[in-house]
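S.K.: Here you go, one structure.
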Amino acid sequence: MSYVDPQTINVVGGVTSLPRTGSSSNSGTFTSADGTVELAVSHSRAKRNRSTISLSQVKTSADVLIPSQNVRSQQRVYVVVDRPLNGFTVAESKTMVDSLIAFLTASTGAKVTQLLGFEI
């Protein structure tokens, strides 16, 4: 089953519609109309099964060194699930993903703030 078209996500201060802009047998891409937000989903099956979903954002801002010039900046956030071919069910892997997301978002995202602040 594939992701529905379009996807919607709340980023950059509001809900953004992401129509499907790419598709293959192992991946799908959804991009905003202005090209600044992209959701990508991919899978690889080899010695291990790897599923990846990523969200990227592009923006233009003043150059720190030359404020009169603008630069294009991009950031990307990934969630990767890497599992062996045998030994874990989809339900068990989902529990791990749910647990990590709950850990990161607890206390209004304090763990995400620590992660982005380079704490270990």
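The values are calculated or read from the model by the stated rules, or taken from the named source; none is laboratory data. Since this is a predicted model, take the numbers as computed values, not measurements. Cβ: placed from backbone, ideal geometry, glycine included. Neighbour counts: every protein chain shown.
S.K.: Would you be able to say whether some residue in the range 36-49 is among the β-branched types (Val, Ile, Thr), surrounded by 10 or more Cβ atoms within 10 Å (Cβ to Cβ) and part of a loop (DSSP other than H, G, I, E, B)?
M.R.: The answer is yes, given that some residue of the range 36-49 is among the β-branched types (Val, Ile, Thr), surrounded by 10 or more Cβ atoms within 10 Å (Cβ to Cβ) and part of a loop (DSSP other than H, G, I, E, B).
S.K.: Further question: What are the residues in the range 64-114 that are part of a loop (DSSP other than H, G, I, E, B) and small (Gly, Ala, Ser), if any?
M.R.: Selection gives Ser68, Gly87.
S.K.: Count, please, the residues in the range 16-31 that happen to be out of contact with any Pro (no Cβ under 9 Å at 6 or more places or on another chain), closer than 18 Å to Arg76 by Cα and either β-branched (Val, Ile, Thr) or surrounded by fewer than 10 Cβ atoms within 10 Å (Cβ to Cβ) (or both).
M.R.: Result for the range 16-31: 3.
S.K.: Is it fair to say Glu92 is without any contact (Cβ under 8 Å) to a residue 24 or more places away in the chain and either in contact with a helix residue (DSSP H, G or I) (Cβ under 9 Å, 6 or more places away or on another chain) or surrounded by 13 or more Cβ atoms within 10 Å (Cβ to Cβ) (or both)?
M.R.: No.
S.K.: Do the conditions hold for Asn10, that is, is it assigned to a strand (DSSP E or B), exposed (fewer than 14 other Cβ atoms within 10 Å of the Cβ), out of contact with any Gly (no Cβ under 6 Å at 6 or more places or on another chain) and not hydrophobic (A, V, I, L, M, F, W, C)?
M.R.: Here the answer is yes, as Asn10 does meet what is asked.
S.K.: Something else now. Can you spot a residue in the range 55-63 that is in contact with an Asp or Glu (Cβ under 6 Å, 6 or more places away or on another chain) and at pLDDT 95 or above?
M.R.: yes
S.K.: In addition: Of all residues in the range 1-23, count the ones that are closer than 25 Å to Asn86 by Cα and either in contact with a Ser or Thr (Cβ under 9 Å, 6 or more places away or on another chain) or modelled with pLDDT of 95 or more (or both).
M.R.: Matching residues across the range 1-23 total 1.
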